[in-house]
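> This is the structure I have questions about; it appears just below.
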Amino acid sequence: MGMTMTQKILAAHAGIDSVQAGQLILADLDLVLGNDITSPVAIKEFSKLNKTGVFDKNKVTMVMDHFAPNKDIKAAEQCKMCRDFCGANDVTHFYDVGEMGIEHALLPEKGLVSAGYCVIGADSHTCTYGALGAFSTGVGSTDMACGMAIGKAWFKVPSAIKFNLTGSLGKYVTGKDVILHIIGKIGVDGALYRSMEFSGEGLSSLSMSDRLCIANMAIEAGAKNGIFAVDDITLDYLKAHNAAEPVIYKADDDAVYDDVIDIDLSEIEPTVAFPHLPENAKTFSEIGDIKIDQVVIGSCTNGRLEDLQIAAEIIKGRKCAKGVRVIVIPATQQIYLDAMEQGLLKIFIEAGAVVSTPTCGPCLGGYMGILAAGERAVATTNRNFVGRMGHIDSEIYLASPAVAAASAVTGKISSPWEVMEK
């Protein structure tokens, strides 16, 4: 019986010839990730294991991104615990204020993940790295602790859904629209504990930013992981970021899939996920006049340079609508610097937006953009659950940077064409 991409990676890391869906395996890890919220719990559990150090100082990383720069005393104490642990264990890849970024944008940028890797992270959006041809998945803090201690983790091998991509994306249509379309099609549990595997000639239409966004939101369909077939775009990205030599795993021709779904990218339209689930996807033929109070452009889903470039193209020479708070968050320090050198930050500020240091902040209702009762936000983030960004009576509409930028200008949920054709 043939294997999928994910199954081949897991078999290799378990040191066995083959695996099948449902099988329990113990696999070697190439990277273990934590952040300032999840790592303190893992550190406490690690202390109970009586280990003298982490399994490999180069294969453990912690990123202070959720509440950093610290928003309060509790956040400061959490970051200090991580800082002290990484110092005591000589962890190479510890990222704090000044050199940190949003973890799932930072790690690919730093070249810490390569094709063929097996990665766990105590954050549900660790599935982002599947864009690079890696198996990566979110785990609990206890699994993170054990991973830091022994460099291994238990997995139940997932079955898979194959997404066969054809065609090319249209102007102002991005990976965010693709994944919202898919989640709208299969539902938030449509890929429950499965691997979402993306391949087909349409891959050539997707930039690495598109792929990272799509893989990031695989968890919003309930998936164990998302993964993309490795092509020249992948290899060029890995080389440019000095990642380790890639190991390419291709699905067998006779690999078994629970379902095969064809997606013609040329048919994808700008898409918005209405409250309170990512599956509530609508195109603009279904959207009426919905006024908004806030726009957030950023997050591990859509805070990359390409995202900021698209938003700036739409906002340039225009003003943010009166009464609408527009918050732009570059996902890493490097992206912040590149955006500044390209004049993007000037465009945002002159339009009336604010630009934040890299942080997850508003995405999880932490800080830097909390919503009051009755307020509505268009956000390029990945979740719009009840109370996700503040008050339980607030509303979040998930959208691409292009839609978010257009909405910032008009003060209502708007298609980019509504702004650009004027």
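The values are calculated or read from the model by the stated rules, or taken from the named source; none is laboratory data. Predicted, not measured: the structure shown is a model, and the values here were computed from it. Here Cβ is always computed from backbone atoms with ideal geometry, including for glycine, and neighbour counts include all displayed protein chains. Please note that ligands, DNA and RNA were not included when accessible areas were found on the heavy atoms of the full protein model with its side chains. Shrake-Rupley method; radii C 1.70, N 1.55, O 1.52, S 1.80 Å.
> Taking every Cα atom in the chain, find the radius of gyration and the maximum pairwise distance Dmax, and write them in Å.
20.5, 65
> Most fluctuating residue of ILE233, ILE219, ILE314 in a GNM of the chain with Cα springs under 10 Å: which is it?
Largest GNM mean-square fluctuation: ILE233.
> Shifting gears a bit: Counting Lys and Arg as +1 and Asp and Glu as -1, each charge on the Cβ, what is the dipole of the chain about the Cα centre in debye, to the nearest 20?
Details: 36 positive and 51 negative charges, 226 e Å.
Around 1080 debye, computed over the chain.
> Also, I was wondering about something else. May I ask you to derive the relative contact order of segment 67-198, considering only C-alpha pairs under 8 Å and at least 6 residues apart, and to give it as an integer percent?
Reported relative contact order: 14 percent.
> Averaged across orientations, what area in nm² does the convex hull of the alpha carbons in segment 317-422 project?
That works out to 6.4 nm².
> If you roll a 1.4 Å probe over the heavy atoms of the protein chains, what accessible area per residue do you get for segment 244-323, in Å²?
On the way: 3980 Å² over 80 residues.
Ligands and nucleic acids excluded, the result is 50 Å² per residue.
> Compute, for MET368, the solvent-accessible surface of its heavy atoms (probe 1.4 Å) with the complete set of protein chains present, and express it in square angstrom to the nearest 10.
80 Å²
> Sequence gap at least 6, Cα distance under 8 Å: using those rules, report the relative contact order of the chain to the nearest whole percent.
17 percent
> Quick one: Debye curve from the C-alpha atoms of segment 201-295, no solvent, what's log10 I(q)/I(0) at q = 0.19, 0.20, 0.23 Å⁻¹?
The calculated log intensity ratios at q = 0.19, 0.20, 0.23 Å⁻¹ are -1.20, -1.27, -1.46.
> Moving on. Below 8 Å between Cα atoms, with a sequence gap of 6+, how large is the relative contact order for segment 217-322 in percent?
For segment 217-322, the relative contact order is 13 percent.
> With the alpha-carbon atoms as the only input, what is the per residue convex hull volume for segment 174-238 in Å³?
73 Å³
> While we're here: Per residue, what volume in Å³ does the convex hull of the Cα atoms of segment 256-394 enclose?
Enclosed volume per residue, from the Cα hull, is 152 Å³.
> Still on this structure, please answer the following. How big is segment 1-137 on each of its three principal axes, counting only the C-alpha atoms and giving the largest first in Å?
Principal extents (largest minus smallest coordinate, Cα): 55, 33, 23 Å.
> Could you tell me the accessible area of CYS360 in Å² (1.4 Å probe, neighbours in place), rounded to the nearest ten?
Its accessible surface works out to 20 Å², give or take rounding.
> Please report the accessible area of LYS48 (heavy atoms, 1.4 Å probe, ligands and nucleic acids excluded) in Å², nearest 10.
Roughly 140 Å² of LYS48 is accessible to a 1.4 Å probe.
> Where does the charge balance sit around ALA405 when Lys and Arg score +1, Asp and Glu -1, over other residues with C-beta under 10 Å from its C-beta?
That works out to 0.
> Work from the charge dipole of the chain (Cβ charges, +1 for Lys and Arg, -1 for Asp and Glu, about the Cα centre) and give the residue of ALA27, TYR336, ALA160 farthest towards its positive end.
Ranked along the dipole, the leading option is TYR336.
> OK, next. Per the 1.4 Å probe, what fraction of the accessible area of the chain, in percent, lies on carbon and sulfur atoms? Spell out each step's value before the answer.
Details: 7910 of 15850 Å².
With neighbouring chains kept in place, the figure for the chain is 50 percent.
> Quick one: Karplus J couplings for segment 321-333, per residue in order, coefficients 6.51, -1.76, 1.60, θ = phi - 60°, nearest Hz, x for Gly and Pro?
Once θ is set to phi - 60°, the couplings for segment 321-333 become 4, 4, x, 9, 7, 10, 10, 10, 10, x, 6, 9, 4 Hz.
> OK, next. If you restrict to DSSP beta bridges whose two residues both lie in the chain, what percentage is antiparallel, to the nearest 5?
Bridges in the chain are about 20 percent antiparallel.
> Further question: Under a 1.4 angstrom probe, counting protein chains only, how are LEU180, LEU305 ranked by accessible area, largest first? All intermediate terms of the calculation are to be shown ahead of the outcome.
Numbers: LEU180 0, LEU305 40 Å².
Putting LEU180, LEU305 in descending order of accessible area: LEU305, LEU180.
> Given H placed 1.01 Å from N in the peptide plane, which residues other than close sequence neighbours of GLY151 have an amide H under 5 Å from its amide H?
PHE55
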